[in-house]
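Below is one structure; the comments refer to it alone.
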Amino acid sequence: MKNHVIQDKELEEIFQDMTQKSNQTGLNPYDTYIQEIRKKRENLSDSESYMEKHHIIPKFEKGSDSEENLIRLTVKEHIIAHWIRWQVFNKDQDRMAYLFRIGDTAEALKLKSLAIQKARKRDQEEGKGRFSSDYQSLMGKRDGSKGGQANTPSQFEARQMIGLTYGRKTGISNQQAQLKEFLSAFSIWEYRGKKNQLLPEKIYVLINPKEAFIDVVKSLNQIIPNSIPVESASSMYKLVYEERPQIYGWRIVNKLIRSEFEVSIQNFHENFPNSFLILEEEFLRTSDFE
């Protein structure tokens, strides 16, 4: 059995502890936790060789890169920080940041983060991926027109609050074995841009394991804005069941279990030297979560 970074029971205990201490600090449990980590760093030198950067006020809430807004955390502390923040503020971004990482071991998360850093550095040097001027131009236009008829993903989600609460639970409970197996693994997707889009001919995306298939569709739409019409998202199931080879420019290239993550990154760059692979976790952490 994997030695996961932290268990639910420990998270609950830490949250209760921070809640009690917040009565003394006058801060909420999240800020109380950050305050405790700061004191710990002042009184004890870091014993961990690998640390991660965490924005106290996350980027999705306009947090800056100033020194005052940054803190170095261990892998475990980083997961705890996002989980406590989710409990306090109920932000989906914090929940997703927590879910992205909770199923792995500490060692796997370190290897994954290092693989992401290497991929990011390589793409930056070659002007590919998130550092492509064409891709950055597309991201600047991702929400399209504004107003009542825009039908953006955020508007769609706002109209589906009841479905997200009740329909989601029903859908998950009725998932077929093949779909469950697919969602439990990482998946590499290929997107072939339309001729009128300012995109490279092909884009590859590595999607993390998910609880529901709609989460896969949302991530693909986040990375390639509005590529999948929200009203037709269910048709993407056909790709999992191999009923269609491609839908809305997307196709599934491969799926891989967690232990294959780092090897798959290396193999991808060897087998597709002229293409770039967008890692969902890197994209979301640097764009919205952190």
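Any read-out appearing in this document is the output of simple, stated calculations on the displayed coordinates, not a laboratory observation. Everything quoted here is computed from the prediction, not taken from an experiment. A quick note on method: Cβ atoms are made from the backbone with ideal geometry, for glycine too, and the neighbour counts reach across all protein chains shown.
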Exercise. For Arg95 and Gln7, compute 0.36 nm times the residue count separating them, minus their Cα-Cα distance, and round to one decimal in nm.
Key: 30.1 nm
Quiz prompt | Translational diffusion coefficient (Stokes-Einstein; Kirkwood radius from C-alpha pairs) of the stretch 8-103 at 4 °C, 1.567 mPa s, in µm²/s | solution = 94 µm²/s
Quiz item: In the neighborhood of Ser66, defined by Cβ-to-Cβ distances under 13 Å, what is the net charge if each Lys or Arg adds +1 and each Asp or Glu adds -1?
Solution: 0
Quiz item: Mind ordering 14-21, 182-189 by average Cβ neighbours within 10 Å, highest first?
Solution: 182-189, 14-21
Quiz item: Residue separation times 0.36 nm, minus the C-alpha to C-alpha distance between Tyr50 and Ile14: what's the value?
Solution: 10.7 nm
